[in-house]
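Here's the structure, in structure tokens; my notes come after.
The values are calculated or read from the model by the stated rules, or taken from the named source; none is laboratory data. These numbers were taken from a predicted model, which means no experiment stands behind them. Neighbour counts are summed over all protein chains in view; Cβ atoms, including those assigned to glycine, are modelled from backbone coordinates with ideal geometry. Areas reflect the complete protein model, heavy atoms only, side chains present, ligands, DNA and RNA absent. Shrake-Rupley method; radii C 1.70, N 1.55, O 1.52, S 1.80 Å.
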Amino acid sequence: QIRDSTQFRSYNKLIPSLDAFTGATIVICDDDTYYWSTWLGELVSEASTSKGAIICHRTHLIRLLPTGKPTSYRDWKHNTSDCFPSPLAFPTGVGGILIPPGALDPMVLDTTVARSICPTADDVWIYWMGRRAGTLFRKIGPVRKFISWRSSQNVALWRENNIGEIANDRQIAAMIAHFGSDG
């Protein structure tokens, strides 16, 4: 089912679906990326054996400081090959994310908080809401090079979040200040 939603910027692919389909498994993906024909089936197949974990095709491994807080986003192990369930596997919308029912804290629907402390990083919001719910994250399949649709990167959110003063770092710091480092 396709529904129009223009209220939440990068959250459009998540919050309206969670709100409309309570108790359903939700799969989201970035719309500027080419996907192979079996990507969705692979997520669904793996979810049946993953005991409530959030399943995705691409994760970054969060590296921690001695204090237990995350290092800068640029210092994480990006597009990792690690496929074990972990609270430190950071799911990315590139490749798709399968979210089983109950895997996210109910606060995930609080768009006021999301937009105030994490306005452009829906992946960060998903991660923290999963951590708050006690959910693990698991990458499946091989490391892949994801291909963006031609000209889709002329205006891309990843540029805002990852280049220069890294907005992801600022939004992660805001999430820690609001929720604590464990969600």
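Things to note:
- Taken over region 105-121, the residue count meeting the criterion of being surrounded by fewer than 24 Cβ atoms within 10 Å (Cβ to Cβ) and within 30 Å of Pro142 (Cβ to Cβ) is 2.
- Of the residues examined, Ala53 is not one that is among the small types (Gly, Ala, Ser), at pLDDT 95 or above, touching a Gly at 6+ places or on another chain (Cβ under 7 Å) and surrounded by 15 or more Cβ atoms within 10 Å (Cβ to Cβ).
- Residues satisfying the stated conditions in region 121-138, i.e. in contact (Cβ under 8 Å) with a residue 60 or more places away in the chain and in a helix (DSSP H, G or I): Asp122, Trp125, Ile126, Gly130
- Residues located in region 68-120, provided they are touching a His at 6+ places or on another chain (Cβ under 6 Å) and free of Cβ contacts under 8 Å to residues at least 40 places away in the same chain: Trp76, His78
- Scan of region 98-108 for residues that are under 16 Å from Met175 (Cβ atoms) and under 15 Å from the mean Cα position of the chain (by Cα), ordered by number: Leu104, Asp105, Val108
- For region 11-49, the set of residues classified as part of a helix (DSSP H, G or I) and in contact (Cβ under 8 Å) with a residue 24 or more places away in the chain consists of Tyr11, Lys13, Ile15, Leu18, Asp19, Trp39, Leu40, Glu42, Leu43, Val44, Glu46, Ala47, listed by residue number.
- Residue list for region 7-48, restricted to those being modelled with pLDDT under 90 and either open to solvent by 70 Å² or more (accessible area, probe 1.4 Å) or in contact with an Asp or Glu (Cβ under 8 Å, 6 or more places away or on another chain) (or both): Gln7, Arg9, Ser10, Tyr11, Lys13, Leu14, Asp19, Asp31, Tyr34, Ser48
- Residue pairs meeting the criteria (Cβ under 9 Å; at least 6 apart or on separate chains; first small (Gly, Ala, Ser), in region 154-183; second at pLDDT below 85 and surrounded by 17 or more Cβ atoms within 10 Å (Cβ to Cβ)): Ala156/Asp32; Ala167/Asn161
- The one condition from (1) crowded, with 16+ Cβ neighbours inside 10 Å; (2) modelled with pLDDT of 95 or more that Gly96 does not meet is (2).
- Scanning region 51-92 for residues that are within 15 Å of Asp123 (Cα to Cα), part of a loop (DSSP other than H, G, I, E, B) and touching a helix residue (DSSP H, G or I) at 6+ places or on another chain (Cβ under 7 Å) gives His57, Pro87, Thr92.
- Residue count for region 139-168, restricted to those that are open to solvent by less than 20 Å² (accessible area, probe 1.4 Å), in a loop (DSSP other than H, G, I, E, B) and modelled with pLDDT of 65 or more: 2
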